Amino acid sequence: MFNKILIANRGEIALRIIRAAHELGVGAVAVYSEADRLAPHVLAADEAYCIGPAPSAQSYLRADELIRIARQTGAEAIHPGYGFLSERAPFIRAVREAGLVFIGPSPEAIEAMGDKTEARKRVIAAGVPVVPGTEDALADAAQARRVAAEVGYPVLLKAAAGGGGKGMRVVRGDAEIEGAFEAASREALAAFGDGSVYIEKYLEGPRHIEIQLLADRHGTTLHLGERECSIQRRHQKLIEEAPSAVLTPGQRAAMGATAVAAAKSVGYEGAGTVEFLYRNGEFFFLEMNTRIQVEHPVTELVTGIDLVQWQIRVAAGEALPWTQDGIVFHGHAIECRITSEDPANGFLPSVGRIAMLEVPAGPGVRWDSGIAAGYEVGLSYDPMLAKLIVHAPTRAEAIDRMKRALGELRVVGVDTSVPFHLRVMDEPDFRAARLDIRYLETHEQVLFGTAPDEELLRAAVLGAALIEEETRTRRSVLRAQPSAGQTSGWKNRAEWRSR
């Protein structure tokens, strides 16, 4: 086992890795930008080093500086978390050349699965079903038009070099193809430095289901069941759960075996996820994420397996102690991504200082967060503040538990996605598991906007926080200046209002 590792990330995933390392008796080195100087992951680490200004290009993406700090501190390995440099093959090669261990797959596996067209070729060769489309990047819009005519509209143009909804366009007719191709290529170039685009048949109304994998270097590759990730906005997941309410045990086994075959086709090692589109009992390979996923906690709760710890263990050379038959699932878990966005206004980002934070607790409730009261939320990074996860014996009980936990959560100072999540928990189709990736589009009227009671609650909580803060300030002044003539702070209160 390692003595010390460096975490090349920030926020809740950095704190999650630090906790896993400490439970293994491993020291944790954090890095932080100037904007994150007082972030919880910095305070939790054994050592922490400033790596640059707030923009990620000048801080968290500085591969040379990360490696320098790792060597300076005696860290033997680097854990990338997710995002940032987690799937950058050149970074992994640089880590290895520096004599350090990268906690994750090989650069060759990342390159094979990171290039979507190469991934399609690999999994097709391994017998994995894929959505009809091209195996190579398109040369131009004219070729896109010919392929679209062959597979039939609607089609989906997708960036070959990345995912996350960047460089993707749904095309429903021949008149749209040229403009969509140019837009997808331009967006892909800006996001990934590669404008290559390929084409797939667009499936109307599928579910998005993914399989969690864990593989060691001794030849064992296991699947840890599935996660339902159909509730999305612009291909970004908002709510995840495990298991899916629609898969039978036979379908789960078949999808899991297919995911294992895909991982073995590139010699995969560590934790990873194979994503599928599922419709009417059929499933098709979508892509592989060669890293830990944001939604990994729901799998941890239903399997009892600490995925982050096993990433570290596998990287240190340990063998997985289970067989596939030894993976047992218990109950149901749901995760809500708590973001600093205003769902009532098109999920516009919200910035400010978190004046008050009250975290839910109780049986079956988990809070994975990188924030605290006083934390400044800006625009430099992803808007995800935290993840609220619950576990219960059944899906219905998990939904009720999540509703209770969301009701206890208080974040004052920025708008959050909490009202949206509360509405989803009450929505009949969600409760009945009637889901597909169009869920937000088909339930827009029910899910968006701010109800009067929510507005009043927000105003009341914000007002209470402001009153408490000002009262403390007034008391401090009174203690410091106990002269006669003091008047009540209430008489001179500045006006306040909720957003």
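Output yes when any residue across the stretch 185-197 is modelled with pLDDT of 95 or more, buried (at least 21 other Cβ atoms within 10 Å of the Cβ) and in a strand (DSSP E or B), and no when none is. Within the stretch 185-197, not a single residue is modelled with pLDDT of 95 or more, buried (at least 21 other Cβ atoms within 10 Å of the Cβ) and in a strand (DSSP E or B). Against the test of being of a type in the set (D, E), touching a residue at least 40 places away in the same chain (Cβ under 8 Å) and more than 21 Å from K387 (Cα to Cα), the options E65, E76 yield a single qualifying residue, E76.
A quick yes/no check of all residues on (1) within 19 Å of G370 (Cα to Cα); (2) assigned to a loop (DSSP other than H, G, I, E, B); (3) within 18 Å of the chain's Cα centre (by Cα):
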{"site": "F2", "(1), (2), (3)": "no, yes, no"}
{"site": "R16", "(1), (2), (3)": "yes, no, yes"}
{"site": "A30", "(1), (2), (3)": "yes, no, no"}
{"site": "V42", "(1), (2), (3)": "yes, no, no"}
{"site": "A48", "(1), (2), (3)": "yes, no, no"}
{"site": "Y60", "(1), (2), (3)": "yes, yes, yes"}
{"site": "R71", "(1), (2), (3)": "no, no, no"}
{"site": "Y82", "(1), (2), (3)": "yes, yes, yes"}
{"site": "I92", "(1), (2), (3)": "no, no, no"}
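Inspect all residues belonging to the stretch 451-474 and state whether any of them is out of contact with any His (no Cβ under 6 Å at 6 or more places or on another chain) and either modelled with pLDDT of 95 or more or at positive phi (or both). No, that holds for no residue. When G104, G127, G99 are screened for being at positive phi, touching a strand residue (DSSP E or B) at 6+ places or on another chain (Cβ under 6 Å) and not in a helix (DSSP H, G or I), only G104 passes. Would you confirm whether any residue within the stretch 35-44 is over 19 Å from S380 (Cβ atoms) and at pLDDT 95 or above? Yes, some residue in the stretch 35-44 is over 19 Å from S380 (Cβ atoms) and at pLDDT 95 or above.
Here is a check on your reading of the model: is V302 more than 19 Å from A161 (Cα to Cα), without any contact (Cβ under 8 Å) to a residue 60 or more places away in the chain and touching a strand residue (DSSP E or B) at 6+ places or on another chain (Cβ under 6 Å)? In short, no. For the stretch 409-438, a residue qualifies if it is under 16 Å from L238 (Cβ atoms), outside any loop (DSSP other than H, G, I, E, B) and either under 20 Å from the mean Cα position of the chain (by Cα) or among the aliphatic types (A, V, I, L, M) (or both), and the qualifying residues are V418, P419, F420, H421, L422, V424, M425. Close contacts from the stretch 405-429, counting a first residue that is closer than 19 Å to L447 by Cα and a second that is of a type in the set (D, E, K, R) and assigned to a loop (DSSP other than H, G, I, E, B), with Cβ to Cβ under 8 Å and a gap of 6+ residues or different chains, come to D415/R499.
Inclusion of V147 among residues that are modelled with pLDDT of 90 or more and touching a Ser or Thr at 6+ places or on another chain (Cβ under 8 Å) is warranted.
From the list V294, V308, the one residue that fits, being among the aliphatic types (A, V, I, L, M), closer than 17 Å to Q232 by Cα and touching a residue at least 40 places away in the same chain (Cβ under 8 Å), is V294. The set of residues in the stretch 372-383 being among the aliphatic types (A, V, I, L, M) and either over 14 Å from V351 (Cβ atoms) or surrounded by fewer than 16 Cβ atoms within 10 Å (Cβ to Cβ) (or both) consists of A372, A373, L379. In the set E87, E108, only one residue is farther than 17 Å from Y198 by Cβ, of a type outside the set (V, I, T) and in contact with a Ser or Thr (Cβ under 6 Å, 6 or more places away or on another chain); that residue is E87. Confirm whether V170 is among the β-branched types (V, I, T) and either at pLDDT 95 or above or part of a helix (DSSP H, G or I) (or both). Taking the combined requirement at face value, the residue does not satisfy it.
Go through the residues of the stretch 30-51 one by one and say whether even a single one is touching a Cys at 6+ places or on another chain (Cβ under 8 Å) and of a type in the set (K, R). Yes, the stretch 30-51 contains at least one residue that is touching a Cys at 6+ places or on another chain (Cβ under 8 Å) and of a type in the set (K, R).
It is to be established whether one or more residues within the stretch 155-168 are free of Cβ contacts under 8 Å to residues at least 12 places away in the same chain, out of contact with any helix residue (DSSP H, G or I) (no Cβ under 7 Å at 6 or more places or on another chain) and not hydrophobic (A, V, I, L, M, F, W, C). No, the stretch 155-168 contains no residue that is free of Cβ contacts under 8 Å to residues at least 12 places away in the same chain, out of contact with any helix residue (DSSP H, G or I) (no Cβ under 7 Å at 6 or more places or on another chain) and not hydrophobic (A, V, I, L, M, F, W, C). Among the residues of the stretch 382-402, some residue qualifies, meaning at least one is under 22 Å from A20 (Cβ atoms), assigned to a loop (DSSP other than H, G, I, E, B), in the same structural domain as I211 (by TED's automatic domain parsing) and out of contact with any Ser or Thr (no Cβ under 7 Å at 6 or more places or on another chain).
Based on what the data block shows, is V170 surrounded by fewer than 20 Cβ atoms within 10 Å (Cβ to Cβ) and farther than 26 Å from V308 by Cα? Yes; evaluated as a whole, the condition is true for this residue.
Yes/no matrix, rows are residues, columns are (1) among the hydrophobic types (A, V, I, L, M, F, W, C); (2) part of a loop (DSSP other than H, G, I, E, B); (3) within 20 Å of S185 (Cβ to Cβ); (4) assigned by TED's automatic domain parsing to the domain that holds D194:
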| position | (1), (2), (3), (4) |
| --- | --- |
| A119 | yes, no, yes, no |
| V123 | yes, no, no, no |
| A139 | yes, yes, yes, yes |
| R146 | no, no, yes, yes |
| L157 | yes, no, yes, yes |
| A161 | yes, yes, yes, yes |
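Answer yes or no: is there a residue in the stretch 52-62 that is of a type in the set (S, T, N, Q) and in contact with a Gly (Cβ under 7 Å, 6 or more places away or on another chain). Scanning the stretch 52-62, I find at least one residue that is of a type in the set (S, T, N, Q) and in contact with a Gly (Cβ under 7 Å, 6 or more places away or on another chain), so the answer is yes.
Residue under question is V298, and the condition is that it be in the same structural domain as A253 (by TED's automatic domain parsing) and either over 15 Å from the mean Cα position of the chain (by Cα) or closer than 24 Å to P107 by Cα (or both); does it hold? Here the answer is no, as V298 does not meet what is asked. Note on the stretch 387-398: residues that are surrounded by fewer than 22 Cβ atoms within 10 Å (Cβ to Cβ) and within 26 Å of V446 (Cβ to Cβ) total 5. Those residues that are more than 26 Å from A137 (Cα to Cα) and buried (at least 22 other Cβ atoms within 10 Å of the Cβ), I need them from the stretch 78-122; list them, please. Across the stretch 78-122, the qualifying residues are I78, H79, P80, G81, V95, F102, I103, G104. Inside the stretch 101-118, residues that are within 24 Å of Q309 (Cα to Cα) and touching a helix residue (DSSP H, G or I) at 6+ places or on another chain (Cβ under 6 Å) make up a count of 6.
The values are calculated or read from the model by the stated rules, or taken from the named source; none is laboratory data. All values reported here derive from a predicted model rather than from experimental measurement. Every residue, glycine among them, receives a Cβ derived from its backbone with ideal geometry; neighbour counts consider all protein chains shown.
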